[in-house]
Amino acid sequence: MTFTRFAGFGAMTAVALTMSALAAEAKDWRGWNIHVEDYPVSHGMEAFMAEVTEKTDGAIKGKTFHAGVLGSQPDAIEQVRLGIIDFGVFSLGPMGQAVPETNVVSLPFIFKSVPQMYELMDGEAGAAVSAGLEAKGIVALGYYDAGARSFYNGTKPINTPDDVTGMKVRVMNNDLFVGMIEAMGGNATPMAFAEVYQSLKTGVVDGAENNPPSYESTSHFEVAKYYSLSEHLIIPECLCMSKKTFDALTPEQQEIVRAAGKASTDLQRGLWQEREAASMKIVQDGGVEVNTIEDKSAFQAAMAPVYEQYLAANPDMTDLVNLFRNAE
């Protein structure tokens with residue numbers, strides 16, 4: 001009887017110690033996000049964390065901090081590399097300083113369409129970008145849709161590169177984007193995003209470029225009634241996590257995290273497409289003339305000087321650029 005009680009006590013103690021060990025190993029992750037809480041990216045991140053918590057039976061918990069409250073993107077990228085922040089969603093555009101491979105997706109017309117971007121980033125080309133990220137301490141779990149940037153102006157539809165000739169076009173402050181406009185004979189005008197509406201209204205610039213939700217939510221469509229679907233820049237965002245955090249997981253947990261990343265990516269892409277459709281309806285109902293550029297080959301050919309300059313400065317990126325450009 002005494003032995004039975006002792007055995008029972010021993011079993012209970014073992015369970016208690018096991019539970020205590022699990023509690024000690026439980027992880028509380030922090031996630032960085034620049035976007036507001038009600039946004040496709042934000043919903044994707046929340047779903048990711050929820051699935052990881054559920055599938056690990058609560059061993060991994062965490063919180064996504066929205067609206068950039070954990071700092072700027074450059075700072076957050078560095079903190080992810082160091083393992084201070086566990087995961088985040090980052091635009092690949094500004095990641096080039098830390099990860100050269102990510103600059104390739106900022107080349108104009110590198111993607112022929114958004115569906116092609118999905119296919120390439122989910123395949124061999126995306127794997128090459130992911131390898132570059134991992135070499136810098138970042139594990140890519142999926143590539144979110146951040147939309148396609150297209151031209152808008154208050155003068156005329158744009159159907160060919162020649163239609164941009166002579167236009168003053170606001171662009172982001174990046175030599176690649178300045179070169180893109182200049183290659184079409186336009187005058188690139190880098191300026192702060194907050195200044196674009198007034199500059200369009202007063203004629204400081206003739207046009208600008210952005211994705212449909214940005215074009216709509218900023219009311220730019222009210223002062224630039226021609227929206228031409230050039231889709232010249234399709235720069236995905238990366239659902240990334242710290243390699244230090246990832247490497248500390250068990251193999252089973254790593255599988256759960258990767259599966260949750262894939263599910264989150266699929267969810268976010270669907271939500272983004274819904275958001276884009278809603279924005280397009282608003283601008284068209286507002287009197288915007290929208291034209292689709294079915295054949296982008298003339299635009300791609302016009303980008304030859306941009307690519308030549310980029311590859312001259314980054315010859316080690318030649319194979320990766322060709323992998324993207326030669327894809328069907």
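FYI, it's all coordinate maths here, none of it is from the lab. Just so you know, these numbers come straight off a predicted model, no measurement behind them. Cβ coordinates were reconstructed from backbone atoms using ideal geometry, including for glycine residues, and neighbour counts include every protein chain displayed.
What is the dipole size for the chain, taken about its Cα centre, with +1 at each Lys and Arg Cβ and -1 at each Asp and Glu Cβ, in debye to the nearest 20?
Dipole about the Cα centre, nearest 20: 700 debye.
Points 7 angstrom from Cα along the Cβ direction at N326 and A194: gap in nanometres?
Going from the N326 label point to the A194 one covers 4.7 nm.
Taking the Kirkwood radius as the inverse of the mean 1/r across Cα pairs, report the Rg/Rh of the stretch 107-148. Please list the in-between numbers first.
Details: Rg = 10.8 Å, Rh = 11.0 Å.
Rg/Rh for the stretch 107-148 comes to 0.99.
For the stretch 201-272 and the stretch 37-82, write down the distance between their C-alpha centroids in whole Å.
Centre-to-centre (Cα) distance: 15 Å.
Collect residues whose amide H, placed 1.01 Å from N in the peptide plane, falls under 5 Å from the amide H of T189; neighbours closer than 5 in sequence don't count.
The list, which skips near neighbours in sequence, is V169, R170, V171.
What is the pair-distance distribution P(r) of the stretch 188-260, computed from all Cα-Cα distances in 5 Å bins starting at 0, with each bin given as a whole percent?
Per 5 Å bin, starting at zero, the Cα-Cα P(r) for the stretch 188-260 comes out as 3, 12, 19, 15, 9, 5, 6, 9, 10, 7, 4, 1 percent.
Using +1 on the beta carbon of Lys and Arg, -1 on that of Asp and Glu, and nothing else charged, what's the dipole of the stretch 210-328 about the Cα centre, debye to 20?
In total the dipole reaches around 260 debye.
Arrange the following residues from fewest to most other Cβ atoms within 10 Å of their Cβ: E216, E124, E294.
The order, fewest Cβ neighbours first, is E294, E124, E216.
How far is it, in nm, from the label point at D28 to the one at K281 when both lie 7 Å from their Cα along the line to the Cβ?
Each label point is offset 7 Å from its Cα along the Cβ direction, giving 4.2 nm.
Please report the antiparallel percentage of the DSSP beta bridges confined to the chain, to the nearest 5.
Percent antiparallel among DSSP bridges in the chain is about 55.
Hey, what does the equivalent ellipsoid look like for the stretch 235-328, semi-axes from the Cα gyration tensor as sqrt of 5 times each eigenvalue, largest first, whole Å?
33, 28, 11
To the nearest whole percent, what portion of all C-alpha pairs in the stretch 33-167 is separated by more than 26 angstrom?
Working: 3149 of 9045 pairs.
Summing the P(r) of the stretch 33-167 above 26 Å gives 35 percent of all pairs.
Fewest Cβ neighbours within 10 Å first, please rank T250, T64 accordingly.
Ascending Cβ contact count within 10 Å gives the list T250, T64.
Apply the Karplus parameterisation 6.51 cos²θ - 1.76 cosθ + 1.60, with θ equal to phi minus 60°, to every residue of the stretch 77-86 and state each ³J(HN,Hα) to the nearest whole Hz, in sequence, with x for glycine and proline.
4, 5, 5, 5, 4, 7, x, 6, 9, 7
Enumerate the calculated ³J(HN,Hα) couplings along the stretch 171-180 in order (Karplus 6.51 cos²θ - 1.76 cosθ + 1.60, θ = phi - 60°), each rounded to whole Hz, writing x wherever the residue is Gly or Pro.
9, 5, 6, 8, 4, 4, 6, 5, x, 4
Spelling out what I want: for every residue of the stretch 45-57, take phi, set θ = phi - 60°, compute 6.51 cos²θ - 1.76 cosθ + 1.60 (Karplus), and round to whole Hz; glycine and proline get x.
Each residue of the stretch 45-57 in turn: 5, 4, 5, 4, 5, 5, 5, 4, 4, 5, 6, 9, 6 Hz.
For K281, K27, what's the fewest-to-most ordering of other Cβ within 10 Å of each Cβ?
K281, K27
Between (i) 1.09; (ii) 0.95; (iii) 1.03, which matches Rg/Rh (Cα atoms, Kirkwood Rh) calculated for the structure shown?
(i)
Please give, to one decimal in nm, the separation of the simple spin-label points placed at T165 and A67, each 7 Å out from Cα toward the Cβ.
So the two model labels end up 4.8 nm from each other.
Taking only DSSP H segments of four or more residues, each worth -39500 (n - 2.57), what value at 222 nm results for the chain once the sum is divided by all its residues, to the nearest 500 deg cm²/dmol?
-15000 deg cm²/dmol
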